[in-house]
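Let me begin by presenting the structure, written as structure tokens, before commenting on it.
What follows is calculated from the coordinates using simple rules that are stated; it is not laboratory data. Small disclaimer: the values here were computed from a predicted structure and weren't measured. Quick reminder, even Gly has a Cβ in these numbers, built from the backbone with ideal geometry, and neighbours come from all protein chains shown.
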Amino acid sequence: MIKSVRLRITLWYAAALAVTLTLFSLLVYNSLRNSLNDNIDQLLAYRGEGVADALEAYLETERIEVGRASGSAAKGGAFYKIAPDLVRLHAEDPRQAAVDLRILDASGRELESSGGQLAPELPERSRRDALRGNAAYDTIRIPGDNGQEVTFRSYSTPASGPRGAVYIVQAYRPTYYTQFALRNLRLMMALLVPLIVLLTGAFGMFFAHVALRPVADMARAMRQITAENLSLRLTPPRSRDEIRELADLFNAMLGRLEGSFLSERRLIQDVSHELKTPLTILKGELEVALKKARTAGEYAAVLQSNLEETEKLSRLVEDLLTLARFDNREVRLERSRVDLEALLRGAADRLKGLAEKAGVGIEVSAARPAPAAEGDAAQLGRLFLNLLENAVKYSRPGGKVRAEVLAGDGEAAVRISDEGQGIPAADLPHIFERFYRADSSRSSAGFGLGLAIAKSIAEAHGAALKAESAPGRGSSFTIVFPQLPRRPAA
Ligand SMILES: Nc1ncnc2c1ncn2[C@@H]1O[C@H](COP(=O)(O)OP(=O)(O)OP(=O)(O)O)[C@@H](O)[C@H]1O
Ligand SMILES: [Mg+2]
């Protein structure tokens, strides 16, 4: 297997070029050979027929003139005088150089010839053809002077004399002129085709190298990127091509990876931090209690305090587990029609103690008729509880918390608003993040996970959770449920 893309592309390209060029050369060669051969054949026929016609015309006039005096035209007449003239005349024709002519009698005996000793015999088959009145082409090979074979192309045609006498005119020409030209062409092609393929292959290799250089640069840069320096980025090539797109996409992917990597890291830090405080308190109290013998009352107080810290710890672990399960999509929602107002009242009931202690009143109301919504009742109950708990927690004594079910245009919404301290504008975009608490002193009880869980529940339902706040005057959180497909009226 060839590992380099560069080499593979070049080889494929060169192979394609070699095949195309070879086919092209064969085509050119064949058509040239055919046209050269046709040319010779036409030339030979033209010459042969010319002499045959002249001979026939001569024989005809001789028959008329000599016929009266009786006697064979061939033997007695001036035939032997005219025949050399005929062949010489044609052989000297400057347009038709290199064609030789012969006149044979019916038995194939040569009567006259314009050529030298090197002349092809007329094949027997063509002689018989001529006697039957037909012309014929032949390719004839004879041994040449230097022992090499010489190939001739020959055309033979009959010329009829008086009283059935038949002469055969043969025009012939050695084929080495065309063979020589064709051999040269073959040689040139055999040299040129591989040379062109090699040259273009080399150029192709070079251009592929230039085109792929950014890929090599990128690969080098990628090797430097590890979990410890995820902030490194590739330098995208200046061109606006696929490689640039790849580099941009890779950088964007690195950005996302870095983001989630950093948030995981921060999460671990936050979790450790939140675990540390209750564990330190637990440890400290136990150590103090164990220093000397205590009364039963003192032990009970320590255990009570330990229990509170332990409850805090288990709540933290539970909240983290809930978030992790939402992240991993392990939470399966039991969807059904839900009564939003009833869910709000249930949550408000559970917060009654806390609200009373804080001196905050909770008011639940709903639009009539109640808008339809679907979801997991237990999860939605938890979402409302988290929002209501915040509203109570961050209210001033005597404040009022409002929980309303709203009906929009076919949509259902729930709004929970308070008249509490509000959320500073700088904190508002972050309050749904894990462990984020706007209260920088962290004096309030809680881990900063309540809203993160609320958001996960809302997202799992396809609902939008939005926060608005006027610092000092209160905050309001709105959940807008997705529109339900209309059900046919019962
Ligand atoms: N109704 C609100 N009024 C004012 N600030 C709020 C309100 N709701 C949330 N916040 C701010 O947003 C932060 C995040 O809220 P979130 O419910 O996630 O955490 P928490 O209430 O501090 O702790 P937890 O809910 O885990 O017990 C809070 O610490 C608080 O500063
Ligand atoms: Mg909360």
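Here is how the numbers come out for the structure above:
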| item | result |
| --- | --- |
| Dipole moment magnitude, nearest 20 debye, the chain about Cα centre, only Lys, Arg, Asp, Glu C-beta charged | 860 |
| Measure of compaction for region 163-268 (Cα Rg per 2.2 N^0.38 Å) | 2.62 |
| Share of Cα-Cα pairs in the chain lying beyond 39 Å, as whole percent | 63 |
| Simple Cβ-charge dipole of region 112-158, Lys/Arg +1 and Asp/Glu -1, about Cα centre, in debye nearest 20 | 240 |
| Check: region 378-450 dipole with +1 on Lys, Arg Cβ and -1 on Asp, Glu Cβ, in debye | 300 |
| Exposure proxy order (Cβ contacts within 10 Å, fewest to most) of Asp248, Asp100 | Asp248, Asp100 |
| Whole-Å distance, taken between Cα centres, linking region 286-339 and region 181-236 | 65 |
| 10 Å binning of all Cα-Cα separations within region 242-327, expressed as whole percents from 0 upward | 14, 27, 21, 16, 10, 6, 4, 1 |
| Per-peptide average of other Cβ atoms within 10 Å, ordering 276-289, 344-357 highest first | 344-357, 276-289 |
| Region 335-480: radius of gyration and largest Cα-Cα distance (Dmax), Å | 14.4, 44 |
| Under 21 Å from Lys276, Cα to Cα: lysines that are on another chain or at least 8 residues apart | Lys312 |
| Distance histogram for region 98-256 (every C-alpha pair counted, 10 angstrom bins, percent rounded to whole numbers) | 9, 21, 13, 9, 7, 7, 8, 10, 10, 5, 1, 0 |
